[in-house]
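Student: One structure follows; several queries about it will come next.
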Amino acid sequence: MKAGGALASTTQSSWRWLCSLAVIFIGVFVATRYLVANDIVAGNSMQPTLESGQRLISLKQKQPQRFDIIVLDAPDAPGALYIKRVIGMPGDRIAVKDDHLYLNGKKQTEPYLNTAFAKRELRAYAKADKANSFTTSFSLQSLKATQANTVPAGHYFVMGDNRLVSHDGRAFGFITTKEVQSVVVWRYWPLDHMKTF
């Protein structure tokens, strides 16, 4: 009797353990497929905010807001992902003049742009006769990729923080809401550069 009871108890414990393992596996699968993404930065278009090799957590179900950092399907490179900052929301008028961003006619501060970094990069590019402003002046109407008065419904306009080198909405135009993969919420690596966004 005692041996049989012990065997039944061991079998129940094994089933509980297997069920727990299955629930954990399904939970992790669902979370990584539909809820959370683990991304690695590649390239320098988001410098100095993000550096190549840094690791990020982003949320797939979060709706992007203005100035959020997002991971998106590259509209001009099928299968690739870009990481950029949302500058324009649907209905926005966007322009840059004399290195200042204007949204719907109002001058904006861009605290995410590092002034010291921008000046250093601009000096390097100016020496090579490549640029005389960190963000070249433009409007949505003047960009060949957009040629619109406002950001269309269901679309966003994105740029990288390193405006001198970023391949972004100025080149490939608007992105659709379906092209947004996730919104970055946390940089967890390297440990001494942890930050929430």
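Student: List pairs: first in the stretch 122-134 and of a type in the set (A, V, I, L, M), second modelled with pLDDT of 75 or more and outside any loop (DSSP other than H, G, I, E, B), Cβ under 6 Å, 6+ apart or cross-chain?
Tutor: Short answer, once both residue conditions are applied: Ala131/Tyr125.
Student: Sticking with this structure for a sec: In contact with a Lys or Arg (Cβ under 9 Å, 6 or more places away or on another chain), in contact (Cβ under 8 Å) with a residue 12 or more places away in the chain and over 24 Å from Glu51 (Cα atoms): does that describe Phe138?
Tutor: Yes: the conditions hold for Phe138.
The values are calculated or read from the model by the stated rules, or taken from the named source; none is laboratory data. The shown structure was predicted, so the numbers you read here are calculated from the model rather than taken from an experiment. Because the Cβ atoms are built from the backbone with ideal geometry, glycine has one as well, and the counts that use them run over all protein chains shown.
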